[in-house]
1. Which parts of the range 360-377 would a label at residue 79 reach, counting a residue when its backbone N lies under 19 Å from a point 7 Å out along Cα-to-Cβ?
2. Would you mind checking which residues have amide H under 5 Å from residue 208's amide H? H placed 1.01 Å from N; only 5 or more apart, or other chain.
3. I'd like the trypsin sites (Lys or Arg not before Pro) in the range 193-225 restricted to DSSP loop residues with at most 15 other Cβ atoms within 10 Å, sorted by number.
4. Per residue of the range 32-48, what does 6.51 cos²θ - 1.76 cosθ + 1.60 with θ = phi - 60° give for ³J(HN,Hα)? Whole Hz please, x for Gly and Pro, Karplus curve as stated.
5. Full-extension gain between residue 326 and residue 180, please, as 0.36 nm times their residue separation minus the C-alpha to C-alpha distance.
6. For residue 340 and residue 263, compute 0.36 nm times the residue count separating them, minus their Cα-Cα distance, and round to one decimal in nm.
7. What is the magnitude of the charge dipole of the chain about its Cα centre, with +1 placed on the Cβ of each Lys and Arg, -1 on the Cβ of each Asp and Glu, and no other charges, expressed in debye to the nearest 20?
8. Relative to the longest principal Cα axis of the chain, at what angle does helix 111-124 sit, 0 to 90 degrees, rounded to 10?
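Bear in mind these aren't lab numbers, they're just calculated from the coordinates by the rules spelled out. Nothing here was measured: the structure is a model prediction, and the numbers come from that model. So basically every Cβ, Gly included, is an ideal-geometry build from the backbone, and we count neighbours across all protein chains shown.
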Amino acid sequence: MTDKPQITAIGSALVVGGGIGGMAATIDLAARGVAVDLIDIDPEWRVYGAGISITGPTLRAYQRLGMVEDIAREGAIVSGSSMFLFNGTHLRDLDEPVIEQGLPATGGIMRPLLHKIMQQRVAAAGVTVRLGITVDGLANRDGGVDVGFSDGTTGRYDLVIGADSIRSRVRDLAFPHMGDAVRTGQGCWRVAMAKPPSLEKGEMFFGHKYMAGITRCGTDRIYLWLLTPHEARESRLTEAELLGEMKARLAGFGGNAGWVRDTMTDQDWVNYRPLEAKIQPRPWSDGRIVLLGDAVHATTPHLASGAGMAVESALVLAEELARADSAEAGLIAYEERRFERCRDVVETSVAIGAAQLAGSPPDQIGGMMGGALHRLAGPF
Ligand SMILES: Cc1cc2nc3c(=O)[nH]c(=O)nc-3n(C[C@H](O)[C@H](O)[C@H](O)COP(=O)(O)OP(=O)(O)OC[C@H]3O[C@@H](n4cnc5c(N)ncnc54)[C@H](O)[C@@H]3O)c2cc1C
């Protein structure tokens, strides 16, 4: 029990997907008195080894879950970022505004550490977690949802939340008209490794045909991301080929991006992923089944805001359910508050990627990013 307003409109919820959005929803609903079951399809409940950039608005959302101190301890908190020409020439420093008093400006953390922090909070909330299963059937009936699980068991809940990401099974079962996220034509290369000795805060590199950036994720860890036009053969690269292919695409970069290229080895985590995005059409709920996170607002990393949007959506869902006198009213209010903000993030991120592919000048791209981040600093 916490001092958060309690939810009376529902008594039980099933959260499908124990990623960033699903765990945020689980933690906040449990804090508001809802009996939550959480399931994840991964029997080991892992997350891949990349780092993640945490913007000011994302930190604000994590603060509502009381997790900023944990992120600061396990990750990195920085005051802004530096812009460089691709060859390492310093252009300027950007002090990112603190959007709420007492809140750090921005930061980064390794995904497995963020996952562990959130998993510990889920465990502390006394939630039932079942791993290695998914949902096979969902039926709205008499003000609740009858659920069939893939292990043959069944359950009944007042609310089912689909937080099972970009290939959402809940979406396929309950919202078959929505369809998959769409490839944007760009791909993202990432390497997670030791911090370049001279790097203090985030760095971004402009003027190359590919855009790159480095996010600090701890005292001695960083990840570097590189955005390139997607080619079909890249999805078929083996793990052994990824390292050399990424190094080749970093040719010409100087400064810390050049240091990363010259220092990365096959012991470091290297990954390539074609980018996909889609803001799904409204409504985002059907009866007592609702979607959040990448299942319904999947975005590209251009504004580093996908995780922040997932956490915000989880918080708003819990807040609106606490305000409402029926689940249905809470779900409508949730969607009203979330749709335009998530649409802005998805559509602006895709537009920035398209501008990069078209070779638009850095100032134009910087302006698009700055404008969106300014809008995101507003209340959610
Ligand atoms: C290349 C790249 C870089 C990114 N960088 C950033 C960044 O720097 N900052 C940022 O804020 N965002 C970033 N994002 C976006 C961010 O990772 C996502 O928006 C965020 O993880 C979405 O959270 P989610 O809970 O919806 O899904 P996820 O975090 O993906 O979690 C989904 C969970 O559901 C589980 N699951 C999947 N299918 C099923 C099923 N059928 N049944 C049960 N469980 C299931 C999975 O095992 C997983 O645990 C990036 C995305 C990409 C592609």
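1. Counting backbone N atoms under 19 Å from the label point, the list is empty.
2. 86
3. Listed in order of number, the matching sites are 209.
4. So the Karplus estimates, Gly and Pro as x, are 9, x, 8, 7, 10, 9, 10, 10, 9, 6, 7, x, 9, 6, 9, 9, 6 Hz.
5. So the extension gain works out to 49.5 nm.
6. Length difference between fully extended and current span is 23.5 nm.
7. With only Lys, Arg, Asp and Glu charged at Cβ, the dipole is about 460 debye.
8. Once rounded, one gets 20 degrees.
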